[in-house]
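The values are calculated or read from the model by the stated rules, or taken from the named source; none is laboratory data. Just so it is clear, the model here is predicted, and its values are computed rather than measured. Cβ sites come from the backbone with ideal geometry, for glycine too, and all protein chains shown count toward neighbours. Quick note on the areas: whole protein, heavy atoms, side chains included, nothing else; ligands and nucleic acids left out. Shrake-Rupley method; radii C 1.70, N 1.55, O 1.52, S 1.80 Å.
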Amino acid sequence: MNILLVSGPGISLKEPYNSGIEAFIVSFANQLVDEGHIVDVVAEEAEANAKFALINPFTAIFENTGFSKLLREKRQFQNLDFDAYDVIHYNMFYPHLLEAGLHFDKTSFLTLHSPADEKRIAAYKQLSRESDLKFVAISERVKSDWDEALGTDMPLINNGINMDLWPTKQSEDRAYLLWSARINEEKNVAAAISLAKHMQLPLKIAGRIVDQHYFDEQVKPHLNAQIQYVGHLTQRELSGLAQKASAYLATATWQEPFGLAALEMLASGVPVVGFHTAVPPDWAHESVLKTISHHWQDLIELVEKSVSVNPDTCKAFASRMNIQNMTSNYVKLYTEVLLLENVGEEAIPAI
């Protein structure tokens, strides 16, 4: 198949990634290429060794904000040769690009990576009324919220990761607790800091600072030899840290749509300890120790229990959600929809 994956204007697919969505797009696109598909990705930049082709139609930026910027981006996006693709697959919240692309009446999908907030609900309700856009959920939690919001029964395809990027820890050395996410209030690194200080355990904090005030107030005053901020890391750097981590702390207090970082740590053989909001509720496994509480004190016993979890047990659970399974499910969905739309089997390349 010829597939166009759409992120959006200004989106960097270079590491370290700004969010899990960028990591998803890169792994997915590369896997599709490995399986014989032709893949273009709309973004501003990508790594030089990417297997997919980068498409950046958003040039000649003169206006920075407002309606004129959106109108220009729509026109630039519409200049793409949509006839060259069998499938258009959107992944980020850019309603004006969806409106522009759906004008060409191509088989189109939108993976919902975010919770159902008012702004997205309003935009996607309108788009669903005006088009045949196919929505896809990344977890049971996301599916439940969006099915209710849009009055639909959308397919569920769990996120998957490239297991080769996350080798299982070989050492029994359990040198520190590890926390990795965007640094802001809803991701709640403050709980991890309080826990580590109380248990007198080292803690390494990794992630992009998106709320400088929160970092200055809740993180910076606690940094010392025990509590260390190691920066915004690449996947290779984070994988290296996982090799000596005793547990990964998932402390988000919002309803985490999927928990890609937690899955990466499980793949590395690191048990996950955290709040029920920070990991998918259907992750019922001995390597995922969680509490319905949002009090860091309730994580103490779980950290103690996590010491007995075998790294291979963590890896085995994570391997169910690998990039090959995820890609296979998407390709199957693409094919089923194309056939239902009477494209015809002869128009779908056999891979």
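Taking strands (runs of 3 or more DSSP E) that fall entirely within the range 209-283, which contain at least 2 residues that are under 23 Å from Met321 (Cβ atoms)? Spell out the reasoning first.
Values: elements: 227-231, 245-250, 272-275.
Strands (runs of 3 or more DSSP E) meeting the threshold: 245-250, 272-275.
For residues in the range 260-282 being modelled with pLDDT under 95 and open to solvent by 10 Å² or more (accessible area, probe 1.4 Å), which is farthest from Leu156 (Cα to Cα)?
The residue in question is Pro281.
Could you check the range 225-253 and list, in sequence order, the residues that are under 17 Å from Lys187 (Cα atoms), under 18 Å from the mean Cα position of the chain (by Cα) and open to solvent by 60 Å² or more (accessible area, probe 1.4 Å)?
Selection gives His232 alone.
Got a sec? Which of Pro155, Pro202 is of a type outside the set (A, V, I, L, M, F, W, C) and under 30 Å from Ala29 (Cβ atoms)?
Values: Pro202 fails: under 30 Å from Ala29 (Cβ atoms).
Selected residue: Pro155, the only one of Pro155, Pro202 that is of a type outside the set (A, V, I, L, M, F, W, C) and under 30 Å from Ala29 (Cβ atoms).
Select from the range 162-195 the residues that are open to solvent by less than 10 Å² (accessible area, probe 1.4 Å) and in a strand (DSSP E or B) and write down the one among them that is farthest from Glu256 (Cα to Cα).
Among those residues, the one meeting the criterion is Leu177.
Looking at Phe135, Phe93, Phe104, which one is aromatic (Phe, Trp, Tyr), closer than 19 Å to Pro9 by Cα and in contact (Cβ under 8 Å) with a residue 12 or more places away in the chain?
On the way: Phe135 fails: closer than 19 Å to Pro9 by Cα; Phe104 fails: closer than 19 Å to Pro9 by Cα.
The match here is Phe93.
Give the residue, chosen from Arg129, Arg120, that is assigned to a helix (DSSP H, G or I) and modelled with pLDDT under 95.
Arg129
Among the residues of the range 42-53, write down those that are over 18 Å from Pro16 (Cβ atoms) and either part of a strand (DSSP E or B) or open to solvent by less than 70 Å² (accessible area, probe 1.4 Å) (or both).
Listed by number, the residues that qualify are Val42, Phe52, Ala53.
Can you name every residue in the range 87-134 that is of a type in the set (Val, Ile, Thr) and buried (at least 21 other Cβ atoms within 10 Å of the Cβ)?
Selection gives Val87, Ile88, Thr111.
Determine whether Leu110 is in contact (Cβ under 8 Å) with a residue 12 or more places away in the chain, under 24 Å from Phe258 (Cα atoms), touching a helix residue (DSSP H, G or I) at 6+ places or on another chain (Cβ under 9 Å) and in a helix (DSSP H, G or I).
No: the conditions fail for Leu110.
When only residues in the range 146-173 that are within 17 Å of Cys314 (Cβ to Cβ) and without any contact (Cβ under 8 Å) to a residue 60 or more places away in the chain count, which is nearest to the chain's Cα centre (by Cα)?
So the residue we want is Asp164.
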